[in-house]
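Accompanying notes for the structure given below.
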Amino acid sequence: MRDGVELSADLFYPESDEPAPVIIKYYPYRKDDMLRTLTVYRANYYAAHGYITALLDVRGTGSSAGVCDRMLRLQEWEDGYDAVEWLAAQPWCTGSVGMTGVSYGGFSALLTAAQAPPSLKAIAPIYAGWDCYENSHQGGMWQTSIWTGAYNAMMIALSGAPPAADPEGAWLEIWEEHLANNQPWLETWLRNQVDGPVWHEGSVRYGLGNIEAATFIIGGWHDIFVSDPFYMYMGINADVPKKLMMGPYLHIAPDIGAPGKRVDHLHEIVRWFDQYLKGEDTGIAEEPPINMWVRAYDRPGARREGSNGYWRSEAEWPLARATDETLFLHPGGRLGDQVPARGEGGSASYEYDPAVGVSTMGLITGFGAEVGLPLDQRREAAGSEVFLGEPLESDVEVTGFPEATLYVSSTAEVTAFSVKLIDVHPDGPWALVSRIIQNATQRNSRTDPEPLVPGEVTELAIELEAASYVFKAGHRMGIMISSSEFPLLWPLPQNATNTIHMDADHPSRVTIPVVRRSDSGLPAPDYRPAHPVDLPGSAEPLRWDLVEDLAGTEVTVVVSLGGEATTDNGARTYTHVDFRVTTDRANPANSRVEADYRFDVNHGAATTEVRSTGRVEGSDDAFHAVTALEVRTDGMPCFSRAWHSSVPRGFL
């Protein structure tokens, strides 16, 4: 790197002595063991198609030297720039470099591209976010699983494990540097509760205009980043080649993912790279730029195989042929196309329940589990206000960004409003189509929250997540409004009575983009089915429980998962996470998150056992956190440390 720090990479070559383009996969997840299973089979795929792959550890992680004290910081993208140019200059490289990766690897590709390294010609980010603050604080609400719980515990555990041994013996010095200087990522997150420079460093939103590399974005309708692929596609300059594939998947790559039909997305990425790294005419540049799965009703369940709907191509986003249609909220739970007549309106009030939201799921999709799809939304009706339209006389397609305009008031200074668009089956469970939540204190600004004035009516304008969904004839559209998304998001501290106002002066409503002509006039994509992927290792049974204290007021979600694997380089790993999120209906300020992470690794000489714990508890005016790390080698203690912090609670 430009400051002399050395990053570690493994190179996978095609069976040829000729120079080849290089594809970088850039992660903090330990290329030599933890990350290796998935990345090696993909590197072999690219090698078979004439590409060198560089698996690169982020500074301060895995086998790379240096320090890592938080994720997605500017230093990583400057390092990415240097890595691109270093690789391009090697005699075995043609001078053309690409980047791809899932989740963090997608962030890495985008944010490195925003530094505009001259040799980076094309990228293919998969399941990445564009706005780091919104990704971590959706609508001003704090995510529990990633930003306070299991992810923090996982990363400090991976930081405590030794690098793979190298012939020069540098691994021990690198390990000592990591143990002495790396910090829990939670510390920075706790101290940055509103948007600002720390979050901007990890947000490609502020650098899209700098991207010059041809960009192929892959997203999923059931991912934790639903709208982000569309925002990125719209924000990249028109003169930059760009393409978007939006499939029916959770946070798992399309060739191994669920619940949609698996497709060979690697073949599409190779076509993209052949076009823009090798200069070959693959035809992909002339194809429609957007390929998306149009969803239809599926019986809700946390896990399923297959997804109703079909692939369709489009020329633009948002769709020019979509028209906005408005549905007004009426007292009595009605949803109609007419504004309440003067004197006929009213209001609806409900009590804030911090335990509402379990049916949203999505909690651990970032950990690669084929589970996390939304449940039957009827289970949330008791803690929500529900508004239903009349049965549809014909199919109706909604494609675009639905928008809600709500006139609300509250008895609390700090509260939130969750809006869900649901598909009400005439004889079965209710399906989630789109959703969003808004912390009302951030109604005007993400940097300067303002408390509500109790009892005062306030207008909220909220954009829901992107959707492409066909409501079938006989079904009804529904809107559900509550004030919680537990356990996905941290509960707000104040109990409240919240009110939705619906009258001629306060026309609360939802505007939906309706497509009356489904045929775009473009050929649908013809994706190859995915090849069977036999990944080594075994997984433990997933535990996902909802526990309610019937003698008290606490509600807890418990998640447990793990597995073991042996990689191609002989590394043996075992991982296990126990995660608990608890809220208290009587006192939601006291909600808490607990995570225990175990990571065992053996590279042939010794077994290192790493244990980490993370605890965050709320109170009326503060967050209190502890992260602890313990490392043993062949059963003998070799390192331990704990980090404690208490920070004032803002409007979270």
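Please enumerate the residues belonging to region 466-485 that are aliphatic (A, V, I, L, M), open to solvent by less than 10 Å² (accessible area, probe 1.4 Å) and in a loop (DSSP other than H, G, I, E, B).
Here is the first cut: in region 466-485, the ones aliphatic (A, V, I, L, M) are 466-467, 470, 473, 477, 479-481.
Filter once more, keeping what is open to solvent by less than 10 Å² (accessible area, probe 1.4 Å): 466-467, 479-481.
Once the filter is applied, which keeps residues that are aliphatic (A, V, I, L, M), open to solvent by less than 10 Å² (accessible area, probe 1.4 Å) and in a loop (DSSP other than H, G, I, E, B), region 466-485 yields only ALA466.
Among the residues of region 406-423, those that are farther than 19 Å from GLN138 by Cβ and part of a strand (DSSP E or B) comprise TYR407, SER409, SER410, ASP423. Every listed requirement among (1) more than 18 Å from MET99 (Cβ to Cβ); (2) part of a helix (DSSP H, G or I); (3) more than 15 Å from the chain's Cα centre (by Cα) is met by THR282 save one, (2).
The residue that is modelled with the lowest pLDDT, counting only those in region 66-83 that are within 30 Å of GLN275 (Cβ to Cβ) and either in a loop (DSSP other than H, G, I, E, B) or open to solvent by 20 Å² or more (accessible area, probe 1.4 Å) (or both), is LEU72. Taken together, the criteria exclude ALA116 from residues that are of a type in the set (A, V, I, L, M, F, W, C) and in a helix (DSSP H, G or I). Of note, GLY346 does not satisfy the criterion of being out of contact with any Pro (no Cβ under 6 Å at 6 or more places or on another chain) and not charged (D, E, K, R). Considering region 4-65, the qualifying strands (runs of 3 or more DSSP E), each wholly inside and each with 1 or more residues that are crowded, with 23+ Cβ neighbours inside 10 Å, run over 20-27, 52-57.
Among the strands (runs of 3 or more DSSP E) confined wholly to region 486-578, which include 1 or more residues that are surrounded by fewer than 13 Cβ atoms within 10 Å (Cβ to Cβ) and touching a residue at least 40 places away in the same chain (Cβ under 8 Å)? Write out each step before concluding.
On the way: elements: 497-503, 509-515, 543-548, 554-566.
Output list reads 543-548.
Out of the residues in region 94-113 that are in a strand (DSSP E or B) and open to solvent by 10 Å² or more (accessible area, probe 1.4 Å), state the one that is farthest from ARG446 (Cα to Cα). Applying the filter and picking the extreme gives THR94. The single residue among TRP86, TRP142 that is open to solvent by 20 Å² or more (accessible area, probe 1.4 Å) and aromatic (Phe, Trp, Tyr) turns out to be TRP86. Considering region 145-177, and only residues there that are without any contact (Cβ under 8 Å) to a residue 24 or more places away in the chain and part of a loop (DSSP other than H, G, I, E, B), the residue that is least open to solvent (accessible area, probe 1.4 Å) turns out to be GLY169.
Of all residues in region 195-234, exactly one satisfies the criterion of being out of contact with any helix residue (DSSP H, G or I) (no Cβ under 7 Å at 6 or more places or on another chain), among the hydroxyl-bearing types (Ser, Thr, Tyr) and in a loop (DSSP other than H, G, I, E, B), namely SER227.
Strands (runs of 3 or more DSSP E) fully within region 291-397 that include at least 2 residues being over 28 Å from LEU489 (Cα atoms): 309-314, 323-330, 334-336.
Surrounded by 24 or more Cβ atoms within 10 Å (Cβ to Cβ), among the charged types (D, E, K, R), under 23 Å from LEU38 (Cβ atoms) and in contact with a His (Cβ under 8 Å, 6 or more places away or on another chain), is that true of ASP223? For ASP223, the condition - surrounded by 24 or more Cβ atoms within 10 Å (Cβ to Cβ), among the charged types (D, E, K, R), under 23 Å from LEU38 (Cβ atoms) and in contact with a His (Cβ under 8 Å, 6 or more places away or on another chain) - is met.
On the stretch given as region 239-262, residues that are farther than 20 Å from VAL371 by Cβ and surrounded by fewer than 23 Cβ atoms within 10 Å (Cβ to Cβ) total 6. Here region 178-193 is the region considered, the condition is being open to solvent by 40 Å² or more (accessible area, probe 1.4 Å) and in a loop (DSSP other than H, G, I, E, B), and the residue that is farthest from SER640 (Cα to Cα) is ASN192.
Go through region 386-414 and give me each residue that's closer than 26 Å to LYS472 by Cα, over 27 Å from the mean Cα position of the chain (by Cα) and surrounded by fewer than 21 Cβ atoms within 10 Å (Cβ to Cβ).
Filtering region 386-414 down to residues closer than 26 Å to LYS472 by Cα leaves 386-405.
When the remaining residues are screened for being over 27 Å from the mean Cα position of the chain (by Cα), the result is 386-396.
Correct list: LEU388, GLY389, GLU390, PRO391, LEU392, GLU393, SER394, ASP395, VAL396.
Could you tell me whether any residue of region 194-207 is within 30 Å of LYS278 (Cβ to Cβ) and open to solvent by less than 40 Å² (accessible area, probe 1.4 Å)? Within region 194-207, one or more residues are within 30 Å of LYS278 (Cβ to Cβ) and open to solvent by less than 40 Å² (accessible area, probe 1.4 Å). Within region 227-238, the set of residues being open to solvent by 20 Å² or more (accessible area, probe 1.4 Å) and either hydrophobic (A, V, I, L, M, F, W, C) or over 25 Å from LEU208 (Cβ atoms) (or both) comprises MET234, ALA238. Every condition in (1) in contact with a Lys or Arg (Cβ under 8 Å, 6 or more places away or on another chain); (2) open to solvent by 20 Å² or more (accessible area, probe 1.4 Å); (3) in contact (Cβ under 8 Å) with a residue 40 or more places away in the chain is met by ALA341 except one, and the failing one is (1). Selection of region 424-456 for residues being in contact with a Phe, Trp or Tyr (Cβ under 8 Å, 6 or more places away or on another chain) and either assigned to a loop (DSSP other than H, G, I, E, B) or modelled with pLDDT under 95 (or both) yields HIS425, ARG446, PRO449, PRO451. Selection over region 593-652 of residues that are under 30 Å from PRO449 (Cα atoms), part of a loop (DSSP other than H, G, I, E, B) and of a type outside the set (Ser, Thr, Tyr) gives a count of 6.
The values are calculated or read from the model by the stated rules, or taken from the named source; none is laboratory data. Keep in mind that what you see is a predicted model, and the values were worked out from it rather than measured. Virtual Cβ from ideal backbone geometry, glycine too; neighbours counted across all protein chains shown. Ligands, DNA and RNA are excluded from the accessible area calculation, which covers all protein heavy atoms including side chains. Shrake-Rupley method; radii C 1.70, N 1.55, O 1.52, S 1.80 Å.
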